[in-house]
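Here's the structure, in structure tokens; my notes come after.
Bear in mind these aren't lab numbers, they're just calculated from the coordinates by the rules spelled out. The shown structure was predicted, so the numbers you read here are calculated from the model rather than taken from an experiment. As a convention, Cβ positions derive from the backbone with ideal geometry for all residues, glycine included, and neighbour counts pool all protein chains shown.
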Amino acid sequence: MKSYKPYTKSRRHMTTLPYRELLSGDRPMKSLVKGKKQRAGRNAFGRVTTRHQGGGHKKRFRDVDFVYNKKDVPARVETVEYDPFRTGFIARVVYADGERRYVLSPKDLKVGDTFLVSEKAPVKVGNRMPLGKIPTGTFVYNIEIRPGAGARLARSAGNYAEVVAHDAGFAQIKLPSTEIRKISDNAWASVGAVGNENSRLVKFGKAGRSRWHGIRPTVRGTAMNPVDHPHGGGEGRQGRGLRRAKSMWGKPTGKGQKSRTPKKYSNAFIVSRRKVGKKGKG
């Protein structure tokens, strides 16, 4: 991590990633980049559906391939680049037939390395194959939930899942949340872990840096009035006055409380529920 001399109060604890050491320094490829409208947490009617979003620096969207439909064609890494829409880095790869795409960069992937998307690919970092072909104990990322639908799980910086078992046409995957879930052996996954694992150690240091990232301020419920939040009200600084924490809409929130929909469609695929609470021990 890169730290700075504390010539201001906010600079004292601020840290950034050493991008010059981690990235190849190349500019994004124009044909794989396009503009993207900032929704600022609003839906099609202009109503706020996700709070604390808005503003931020203008960004260009990189078209990252999560489907990997070019099979049995070896690919070589040309660049490792920054993507403003995700915590992990992306790699621009060129396939043997000349086509170029952006893919999520795994840990320890360097310029010049190669990978293969194939049912017969060896179990090597970056290679992609069906879960049924991956032995137990292997770390994987970019995991499909349904075969051919594209990667959905374990995509953020430093994340990986572990193949813990194979049974009756399903692979049992231990996800980063500690949940163990059954996924079809025909779904595809990449071997390894997502790169830029130090992303979680970055300290913004000041409120303005959060605003650059499009993160707006968060007001505590206890600082509100009773009409605005279940935790609100009281003279002076008060506790919430409730046994369990609630969200603004009265739903259970906070550590140690179950918030999953009881009749969710995917309950049948859950082998072991995720551990809730502090440090996943609740």
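Give me the Kirkwood hydrodynamic radius of the chain in Å, from all C-alpha pairs, to one decimal place?
When all Cα pairs of the chain are included, the Kirkwood radius is 21.7 Å.
Taking the Cα centre of segment 94-211 as the origin, how large is its charge dipole in debye, to the nearest 20, when only Lys and Arg (+1) and Asp and Glu (-1) carry charge on their Cβ atoms?
Approximately 680 debye in magnitude.
How far is it, in nm, from the label point at Arg273 to the one at Thr138 when both lie 7 Å from their Cα along the line to the Cβ?
3.2 nm
Going highest first, how would you order 251-257, 225-231 by mean Cβ packing within 10 Å?
By packing density, highest mean first, the sequence is 225-231, 251-257.
What is the spin-label model distance, in nm, from Ala165 to Thr114 if the labels are put 7 Å beyond Cα along the C-beta direction?
So the label points at Ala165 and Thr114 sit 3.8 nm apart.
Averaging sequence separations of C-alpha pairs under 8 Å and six or more residues apart, then dividing by the length of the chain, give the relative contact order as a whole percent.
Dividing the mean separation by the residue count of the chain yields 16 percent.
Quote to one decimal, in nm, the extra length available between Gln238 and Arg42 on full extension: 0.36 nm per residue of separation minus the C-alpha distance between them.
That pair, Gln238 and Arg42, stretches by 67.3 nm at full extension.
Between segment 24-77 and segment 84-99, how many Å separate their Cα centres?
Result: 13 Å between the Cα centres.
Taking the beta-carbon count within 10 Å as an exposure proxy, list Met1, Met14 from fewest neighbours to most.
Met1, Met14
Can you sort Glu144, Glu235 by how many other beta carbons sit within 10 Å, fewest first?
Glu235, Glu144
Looking at Leu104, Asn43, Ser156, which one has the Cα that reaches farthest to the positive end of the dipole of the chain (charges on Cβ: Lys, Arg +1; Asp, Glu -1)?
The residue sitting farthest along the positive end of the dipole is Asn43.
With only Lys, Arg, Asp and Glu charged, each at its Cβ (+1 for the first two, -1 for the last two), find how big the charge dipole of the chain is about the Cα centre; round to the nearest 20 debye.
Using only the charged Cβ atoms, the result is roughly 1780 debye.
Looking only at segment 16-199, where both bridge partners belong to it, what percent of the DSSP beta bridges are antiparallel (to the nearest 5)?
Looking only at bridges with both residues in segment 16-199, the antiparallel portion is about 95 percent.
Take every Cα pair under 8 Å in segment 114-220 that's 6+ residues apart, average their separations, divide by the length, and report that relative contact order as a whole percent.
Rounded, it is 27 percent for segment 114-220.
Once fully extended, how much extra length lies between Ala149 and Asn69, figured as 0.36 nm per residue of separation less the alpha-carbon to alpha-carbon distance?
27.8 nm
Rank these for me by crowding, Tyr68, Tyr265, going from fewest to most other beta carbons within 10 Å.
Ranked by crowding around the Cβ, least crowded first: Tyr265, Tyr68.
Report the FRET efficiency, 1/(1 + (r/R0)^6), for Asp26 and Leu201, where r is their Cβ-Cβ distance and R0 is 22 Å, rounded to 0.05.
0.30
For the charge dipole of the chain, defined by +1 on Lys and Arg C-beta atoms and -1 on Asp and Glu C-beta atoms about the Cα centroid, which residue among Thr136, Ser31, Asn69 has the Cα displaced farthest towards the positive pole?
Of the candidates, Ser31 comes out farthest on the positive side.
Label Ser177 and Tyr4 with points 7 Å out from Cα along Cα→Cβ: what is the distance between them in nm?
3.6 nm
Under the rule of -39500 (n - 2.57) per DSSP H run of 4 or more residues, summed and divided by the residues of the chain, what mean residue ellipticity at 222 nm is obtained, to the nearest 500 deg cm²/dmol?
Helices in the chain give a 222 nm mean residue ellipticity of -500 deg cm²/dmol.
With a Förster radius of 30 Å, plug the Cβ-Cβ distance of Arg76 and Lys264 into 1/(1 + (r/R0)^6) and report the FRET value to the nearest 0.05.
Here the calculated transfer efficiency is 0.15.
Could you give the alpha-carbon Rg of segment 1-86 over 2.2 N^0.38 Å, rounded to two decimals? Write down the numbers at each step before the final one.
Values: Rg = 18.2 Å, N = 86, 2.2 N^0.38 = 12.0 Å.
For segment 1-86, the normalised Cα radius of gyration is 1.52.
Work out the FRET efficiency for Gln257 and Arg11 from their Cβ-Cβ distance, taking R0 = 35 Å, and round it to the nearest 0.05.
E(calc), rounded to 0.05, equals 0.40.
According to the Cα gyration tensor, what semi-axes, each the square root of 5 times an eigenvalue, does the equivalent ellipsoid of segment 15-157 have, listed from largest to smallest in whole Å?
Working: eigenvalues 162, 77, 47 Å².
Over the Cα atoms of segment 15-157, the ellipsoid semi-axes are 28, 20, 15 Å.
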